[in-house]
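**Q** I am attaching a structure below and will ask some questions about it afterwards.
The values are calculated or read from the model by the stated rules, or taken from the named source; none is laboratory data. Note that the structure is predicted; figures quoted are calculated from it, not measured. Every residue, glycine as well, gets a Cβ built from its backbone with ideal geometry; the counts of neighbours run over all protein chains shown. When the accessible area is computed, the model is the full protein with side chains, heavy atoms only, and any ligands, DNA or RNA have been set aside. Shrake-Rupley method; radii C 1.70, N 1.55, O 1.52, S 1.80 Å.
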Amino acid sequence: MPWAFLAPVLAYLAAFYAYPLYRNVDLSVRHYTVRSFVQGGAPFSGLDNYRTVLDDPTFAPALTHTVVFTAASLAVQFAAGLALAVFFNRHFPLSGLLRALFLVPWLLPLIVSASTWSWMLNSDSGIVNSILGWIGVDPVNWLTSPDWSLASVIIVNIWIGIPFNLVVLYSGLQVIPAQLYEAAALDGASGWQQFWQITFPLLRPVSAITLLLGLVYTLKVFDIIWIMTKGGPVDSSTTFATWSYRLGFGNMLPEFGPGAAVGNLLILTALAFGLLYVRIQRKQVRG
C-alpha cells in the first residue's frame, strides 16, 4: 500500500527529473550532430566536450559574469527583502495592500517583465534615459554598451527577486515571539540592538533556505538576459545559462555536447550548495 501511494510521485520524478538529467549527461559525453541527435548512434567522446568548454575563450567571461550576476542579485535581493519584511512587520495601516503591490514583479511572467524593462532602458526612447535627461545626466546605453549590459540585467533580476525574499522572510518574522521584543525593550535595547540580537539570529534558518533557493534560481536565469541582451554585446552579459542555450540552439550548427556540458556545470554548482546547506542544517540540529 505505501508503494502504491508513492508510485505516482516516483513516476513523475523519473519522467521529468531523472530521465532529463540522464539525457543531459549522455549528451555531454557523446559527439552529437543534428542527425545523430534525431536518429541516435552518437559516438562516445568521454570528457572531450568538457575540455572544449574549458578551453573556449568564452568560458572565463561567462564564469565571471555568472558569479557577479548571482552574488550581486542575492546580496541586494536579500538585503532589500529583509528590510521590507522588517518594515511591514510593524502592521501599520494599508501595510497589507502595499505588501500585495510589492508582489506584482514576482507574479508577472518573465517575458513581460524583461520586455517592459527592455523598453524602459532603450537608449533612444526609454523612460529611464528620459528621466536622466531631465536631471542633466547624459543618456546611457544600458543594453548596447559592454560597460552597462550586465548591470542592466542584474538590476532587472533584483527587481523581480525582491518580492520572493520579502514573502519568505516576512513569514519567518511571524514566528518570532513578540515577548522577546517586549523584554528587550524593557531592558533598554534600541531597535537596532533588537534586530541584531533577536531578529537576525532567530531568522537564520529561514535566511539560509531563502539564500539557497535564490542561488538556485539565479544560477539558471535565462529569460531575462536572453530577452534583454542575448548575452551581448560582445558576450558582456553572457552567463552559463545563456551560453549553454546558445551552444545548443542558438547557432546554425548546434553543439549539443558542449551545451549540455555547460548545463551540467550549473547543475553541479547548485547541487554543491544544496549539499552544503543540508550539512549545515544537520550540524545545527545536532548542536
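**Q** How large a share of the accessible area of the chain, in percent, is made up of carbon and sulfur atoms when the probe is 1.4 Å and the other protein chains stay in place?
**A** 70 percent
**Q** Once amide H atoms are built 1.01 Å from N in the peptide plane, which residues 5 or more positions from Arg30, or in another chain, come under 5 Å H to H?
**A** Hits under the 5 Å cutoff: Ser45.
**Q** Can you list, bin by bin at 10 Å, the percent of alpha carbon pairs in the range 55-128, starting at 0?
**A** Histogram of Cα-Cα distances, whole percents per bin: 15, 26, 36, 17, 5, 1.
**Q** With r as the distance between the Cβ atoms of Arg204 and Arg90 and R0 = 22 Å, compute the FRET efficiency 1/(1 + (r/R0)^6) and round to 0.05.
**A** So the FRET efficiency works out to roughly 0.55.
**Q** Find how much the distance from Arg23 to Ala100 grows on full extension, using 0.36 nm per residue of separation minus their present alpha carbon separation; answer in nm with one decimal.
**A** In short, 23.6 nm is gained.
**Q** Please state the relative contact order of the chain as a whole percent: Cα pairs under 8 Å, 6+ residues apart? List each step's numbers first, then the result.
**A** Numbers: 313 pairs, mean separation 79.7, N = 287.
RCO, the chain: 28 percent.
**Q** When the C-alpha atoms of the range 99-222 are aligned to their principal axes, what extent does each axis show, in angstrom, from largest down?
**A** The Cα atoms of the range 99-222 stretch 57, 35, 27 Å along their principal axes.
**Q** Where only protein heavy atoms count, and the probe is 1.4 Å, what is the accessible area per residue for the chain in Å²?
**A** Spelled out: the 1.4 Å probe surface of the chain, per residue, equals 59 Å².
**Q** Run the quick spin-label model on Asp124 and Leu110: label points 7 Å from Cα toward the beta carbon, then report their separation in nm to one decimal.
**A** A separation of 2.9 nm, rounded to one decimal place.
**Q** For q = 0.20, 0.27, 0.30, 0.33 Å⁻¹, what log10 I(q)/I(0) does the range 26-65 give under the Debye formula with an equal point scatterer on each alpha carbon and no solvent?
**A** So the normalised log intensities are -0.65, -0.83, -0.91, -1.00.
**Q** If you don't mind, there's one more thing I want to ask. What do you get for the angle between helix 149-173 and the principal long axis of the chain? Use alpha-carbon atoms, 0 to 90 degrees, nearest ten.
**A** 50 degrees
**Q** In whole angstrom, how long is each semi-axis of the equivalent ellipsoid of the range 17-171, when you take the square root of 5 times every eigenvalue of its Cα gyration tensor and sort them from largest down?
**A** 39, 24, 15
**Q** So if I average 1/r over every pair of distinct C-alpha atoms in the chain and take the inverse, what Kirkwood radius in Å does that give? Don't skip to the end; give the middle numbers.
**A** On the way: mean 1/r = 0.0454 Å⁻¹.
Result for the chain, one decimal place: 22.0 Å.
**Q** Using only Cα atoms, what Kirkwood radius does the range 179-287 have, in angstroms?
**A** 17.3 Å
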